[in-house]
Amino acid sequence: MFKPQKLLVIISLMISICIWGWGCASKSYVKKQTQELEYQNQTNKAQIDELKSRLATTDAKADNALSTAREALKKAETAAGYTGYVEFTAIGEREVNFDFDSYLIEKIGKDILDEIGTAMQQHPELILEIEGHTDNVGSDDYNLMLGQKRAESVKRYLADKYGIALHRMFYISFGKTKPKELADTRTGQASQRRAVLRLLGPKAE
């Protein structure tokens, strides 16, 4: 049997070992938690930086579209023989719809564009504003690009078939940012895939 003094020493040693082991485990746990927090902070920072970059890109695109629209108005005034500032107003609006993930113009869309092309041929003072829109499927960047392609398809069709001067047509892509109605149904989604065509003419004095 162990003498009381030896037993006391052994018990003390065991307690010390347990405390040391617990301390090591605690340090390991804290280190692991700290690493996970650092990783999460880095991830959050990367996400914030990406969002800031996207916002800056969107702002630049909007500024560029506004500048293009103003330049188109100036060129249209010159082409129609106007001098000085001429205020334009909408005189008609139509829509051309597209299939999912497509910017090809279908038969019914071409019929609408034929009406607009004929009107612009007969009235050289008119200009056309084109808005490209998409449904809410996919990323913001992809839908901005798709909306732009839809608007460009309209512009190219009118230029190729009716000879409408490019400076009489300007466009902007809104992607999925301006939904026409709730898009939680198949019909609602289909209505988003569109190009809005707005004929503009000088205001009567």
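Between residue 145 and residue 190, the simple spin-label model (points 7 angstrom out along Cα→Cβ) gives 2.7 nm. Here the spin labels are modelled as points 7 Å beyond Cα on the Cα-Cβ line, and at residue 123 and residue 136 they lie 3.6 nm apart. When the listed pairs 110/203; 161/203; 149/180 are checked against a 25 Å cut-off, the alpha-carbon distance exceeds it for 110/203; 161/203.
Every read-out reported here was derived from the displayed coordinates using simple, explicitly stated rules and does not represent laboratory data. No experiment lies behind these values; they were computed from the predicted model shown. Quick reminder, even Gly has a Cβ in these numbers, built from the backbone with ideal geometry, and neighbours come from all protein chains shown.
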